[in-house]
1. For the range 1-31, what are the residues that are closer than 18 Å to ALA79 by Cβ and assigned to a strand (DSSP E or B)?
2. Among the residues of the range 134-147, is there at least one that is touching a strand residue (DSSP E or B) at 6+ places or on another chain (Cβ under 7 Å) and of a type in the set (Val, Ile, Thr)?
3. Does ASP36 fit the bill of being among the charged types (D, E, K, R), touching a Gly at 6+ places or on another chain (Cβ under 8 Å), farther than 19 Å from GLN195 by Cα and surrounded by fewer than 18 Cβ atoms within 10 Å (Cβ to Cβ)?
4. Go through the range 205-240 and give me each residue that's over 14 Å from PHE153 (Cβ atoms), small (Gly, Ala, Ser) and touching a residue at least 24 places away in the same chain (Cβ under 8 Å).
5. Checking PRO185 against (1) out of contact with any Asp or Glu (no Cβ under 6 Å at 6 or more places or on another chain); (2) farther than 27 Å from GLU48 by Cβ; (3) of a type outside the set (A, V, I, L, M): exactly one of these is not met. Which one?
6. Within the range 58-72, is there a residue that is in contact (Cβ under 8 Å) with a residue 24 or more places away in the chain, at positive phi, surrounded by fewer than 19 Cβ atoms within 10 Å (Cβ to Cβ) and assigned to a loop (DSSP other than H, G, I, E, B)?
7. Considering only residues that are surrounded by 17 or more Cβ atoms within 10 Å (Cβ to Cβ), in a strand (DSSP E or B) and out of contact with any Asp or Glu (no Cβ under 6 Å at 6 or more places or on another chain), which ones fall in the range 126-172?
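The values are calculated or read from the model by the stated rules, or taken from the named source; none is laboratory data. Remember, predicted model here, so these are calculated numbers, not experimental data. Heads up, the Cβs are rebuilt from the backbone with ideal geometry, glycines too, and the neighbour counts pull from every protein chain shown.
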Amino acid sequence: MKAIIIEDSRLARLELNTMLCEFEQIEVIAQAADPDEGIALIKQHQPEILFLDIQMPGKNGFELLDEIDFQGKVIFTTAYDEYAIRSFDYDAFDYLLKPIETERLTVTINKLIRLEASEPAPQDTEQVKFDENSSVFLKDGDECDFVPLKDIFLIESCSNYCFIHHKQQKPLIKKSLNLLEARLPETLFFRANRQQIINLRQVKNVDIAVNGNLLITLHSGHEVEASRRHSSRFKQLMSF
């Protein structure tokens, strides 16, 4: 698994790289000393794993993720535990406190290895693209339904699962958000951030959040904040 380390402390970068060298499954292909360099390296190398510091000069790790569409696993590395709750908003794979202990890092790497081994190779049926008139089979407890795509107003990621919101229900399915996004019609669904996909026809109102991102309100009452990158894309998509 290819990884990039983004950390402003040279000593911390060297220590983490040395520790990761002990795991043959992890290949550190690049290191960055600041977020802007990190963004360039991510776009160039397309790593599967990101070891990302949070507090850095210029912009923090969360702001870095807002600017790119990184689909791999994010492992935050920081000396501050107060960011732990916010890290879940970015679908973090793990959260490591510095100084990083070998035993704790081993737990994280073993989780990555087990996850990679358990993920099945995509089947041909998973590559079939839906259209706007498609319906999908959803199981919610003992109930099974064919649900028209147009009735699904929100899809939310929960690790390697997704909640599918439709009507008053939100069944949980074992599919990643990236896989679902690849199959959904772009004319109907929009990826708002790392965790959420919205139905464009279910948008009721759009406001500007305090941080400048778009705050999208759905007819269901759900509020979804688009990331900086996707806010820009939403404006382009929905404007003349």
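1. Once the filter is applied, which keeps residues that are closer than 18 Å to ALA79 by Cβ and assigned to a strand (DSSP E or B), the range 1-31 yields ILE5, ILE6.
2. Yes, the range 134-147 contains at least one residue that is touching a strand residue (DSSP E or B) at 6+ places or on another chain (Cβ under 7 Å) and of a type in the set (Val, Ile, Thr).
3. Here the answer is yes, as ASP36 does meet what is asked.
4. Selection gives ALA226, SER227.
5. Going through the list (1) out of contact with any Asp or Glu (no Cβ under 6 Å at 6 or more places or on another chain); (2) farther than 27 Å from GLU48 by Cβ; (3) of a type outside the set (A, V, I, L, M), PRO185 breaks only (1).
6. Within the range 58-72, the first condition is being in contact (Cβ under 8 Å) with a residue 24 or more places away in the chain, and the residues that meet it are 58-72.
Narrowing the set further to residues that are at positive phi leaves 58.
Those still in the list that are surrounded by fewer than 19 Cβ atoms within 10 Å (Cβ to Cβ) too: 58.
Right, trim to assigned to a loop (DSSP other than H, G, I, E, B) and you get 58.
Within the range 58-72 (the criterion being in contact (Cβ under 8 Å) with a residue 24 or more places away in the chain, at positive phi, surrounded by fewer than 19 Cβ atoms within 10 Å (Cβ to Cβ) and assigned to a loop (DSSP other than H, G, I, E, B)), the answer is yes, since at least one residue qualifies.
7. Correct list: VAL136, VAL147, ILE152, PHE153, LEU154, ILE155, GLU156, CYS162, ILE164, HIS165.
Quick grid of which residues meet (1) at pLDDT 90 or above; (2) outside the structural domain of GLN196 (by TED's automatic domain parsing); (3) touching a helix residue (DSSP H, G or I) at 6+ places or on another chain (Cβ under 7 Å); (4) surrounded by 15 or more Cβ atoms within 10 Å (Cβ to Cβ):
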| position | (1), (2), (3), (4) |
| --- | --- |
| ILE6 | yes, yes, yes, yes |
| ARG10 | yes, yes, no, no |
| LEU14 | yes, yes, no, no |
| LEU20 | yes, yes, no, yes |
| VAL28 | yes, yes, yes, yes |
| PHE76 | yes, yes, yes, yes |
| TYR83 | no, yes, no, yes |
| TYR90 | no, yes, yes, yes |
| PRO99 | yes, yes, no, no |
